[in-house]
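The structure appears right after this line, and notes come after that.
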Amino acid sequence: MRKILLATTALVGFAVAGAAQAATSPLNVTIGGSVDAVAGQFHESKASAPTSLRSSHDFETLYALNFGVTGKASGFEYGGNLTLDNAPDISDGFSGSNGGISVTTADIFLSGAFGKVQLGDARGATDLALSTPTVGEGQVTGRYIDFLDTASFAKNLVVGVDGTDHSTNITYFTPKVGNDTNKVQAAVSFVPQFYNYGSSVVKYQGNNANNSTNGLSPYKDVLKGAVAYTGTFKPVTIGASAHIITGSADTTVTNNQAWIANALAGKVRDFTAWGLDAQAAAEGFTLGVNYVDQGHYNTVGAQNKDQQQFGAGLKYEFSKVAVGVSYLGGEGYSNTLSVSGGNYVKEFNSYGAGGAYTWAPGLTTNLDGVLFDQKTEGNVKNDGYVLLVSQKLAF
């Protein structure tokens, strides 16, 4: 606790000093963030603990602090970003159990006529990939998974390969090519160690006796590529994107890896995952669809069955109100499941509806409701719902 207080005090001091210096510095410094107070009512039929011991409601508070720096020099622009938040992450199995604050973005960039080079902790090339439009707390791709158990609910089918990825990487974004109504941009990233970030350095591979490995992922030398298109055909604006991620696996993994804690011992497989996304927007409506093939991601041994996700979302915004509906389905391995019926989810469906009302700039009330069901290869079914209401302040 003392370390957290000292770190927080130092950050506040940095923010105040940065704001005071901004008026005289040639760099443009911006500070922002958000606080989101969430109330949830939830139910899961196959909770890993006895049903009588399972909570049915709780509060959650999410917060983030963002620092941005930009500057201009002869022929190029430069800057960086730093984001701290307490959102559940792959480092705690998306459970949020550690309650800690982590740095989720820390990058430096240089941009100009040559494009943009980004170095540090960030998603990288897949920032170009479009996401399904949602409102509220994110509906089927959002906050509801915080209220469900990774031992009984396949959160990885929602999060995907790099839904919260901020691995240390180097990324190159091309300039946007085209005209006023049609533009294309591409990007490529190199990630030496997947899900490894900050000051951590992976000194050994595998289960070396002098182990200093990346305990979150056995994947190394990961390459990402993405391309995005935007076009305007009044009154419709359209967008499309495609991405690919491929990584080499270490030879073995044991059950001390957080994300694969209950996997059968065996060789982790190399993987190639790819996805396609499309959106269309007009007159306040936004419609989006997506498809992802995860290949052999997060599999060991003889796990050879299909892994895919597909979804759609529709959003409508008018005045201070936004409403939306969404769907996400799929199938795949979830090696953290501890309920009977195996670790292959042969059927996964979730249906969401949400809304948001903006009372004043930065002040929003959000509503979310998600129904879900999943069935394993052993025909064990888990279904339930999550209802969320939140008050969010963004600044």
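The values are calculated or read from the model by the stated rules, or taken from the named source; none is laboratory data. Values in this document were obtained by computation on a predicted structure and should not be read as measured data. We place every Cβ from the backbone using ideal geometry, glycine too, and count neighbours over all the protein chains shown.
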Mind counting the residues in the stretch 233-259 that are part of a strand (DSSP E or B) and either at pLDDT 95 or above or under 25 Å from Asp89 (Cβ atoms) (or both)?
15
Looking at Val117, Val184, which one is under 23 Å from Ala273 (Cβ atoms) and surrounded by fewer than 17 Cβ atoms within 10 Å (Cβ to Cβ)?
Val184
For Leu11, are the conditions met, namely being within 25 Å of the chain's Cα centre (by Cα), at pLDDT below 95, under 30 Å from Ser111 (Cβ atoms) and not charged (D, E, K, R)?
yes
Could you tell me whether Leu128 is over 13 Å from His166 (Cβ atoms), within 18 Å of the chain's Cα centre (by Cα) and at pLDDT 95 or above?
yes
Of the numbered conditions (1) under 20 Å from the mean Cα position of the chain (by Cα); (2) farther than 25 Å from Gly225 by Cβ, Glu283 satisfies every one except a single condition; which is it?
(1)
Residue hits (the stretch 69-87; assigned to a strand (DSSP E or B) and either charged (D, E, K, R) or without any contact (Cβ under 8 Å) to a residue 40 or more places away in the chain (or both)) are Lys72, Ala73, Phe76, Glu77, Tyr78, Leu82, Thr83, Asp85
Looking at the stretch 134-155, is at least one residue assigned to a strand (DSSP E or B) and touching a Leu at 6+ places or on another chain (Cβ under 7 Å)?
no
Could you grab me the full set of residues in the stretch 295-317 that are at pLDDT 95 or above and assigned to a strand (DSSP E or B)?
Gln308, Gln309, Phe310, Gly311, Ala312, Gly313, Leu314, Lys315, Tyr316, Glu317
With respect to the numbered conditions (1) out of contact with any strand residue (DSSP E or B) (no Cβ under 6 Å at 6 or more places or on another chain); (2) of a type in the set (Gly, Ala, Ser); (3) at pLDDT 90 or above, which one is the sole condition not fulfilled by Ser338?
(3)
Conditions (1) within 27 Å of Asp36 (Cβ to Cβ); (2) of a type in the set (S, T, N, Q); (3) buried (at least 16 other Cβ atoms within 10 Å of the Cβ) -> Thr365 fails only (3)
Sort through Thr105, Thr141 and tell me the only one that's crowded, with 22+ Cβ neighbours inside 10 Å and closer than 30 Å to Ala280 by Cβ.
Thr141
If I ask for residues that are in contact (Cβ under 8 Å) with a residue 40 or more places away in the chain and of a type in the set (Ser, Thr, Tyr), which ones from the stretch 362-395 would you list?
Tyr385, Ser390
Six or more apart or on different chains, Cβ atoms under 6 Å: show the pairs whose first residue is in the stretch 279-308 and touching a residue at least 40 places away in the same chain (Cβ under 8 Å) and whose second is crowded, with 21+ Cβ neighbours inside 10 Å and among the charged types (D, E, K, R).
Thr286/Lys315; Asn290/Asp277
Members of the stretch 113-149 found to be in contact with a Phe, Trp or Tyr (Cβ under 6 Å, 6 or more places away or on another chain) and in contact (Cβ under 8 Å) with a residue 60 or more places away in the chain, listed by number
Gly115, Asp121, Phe147
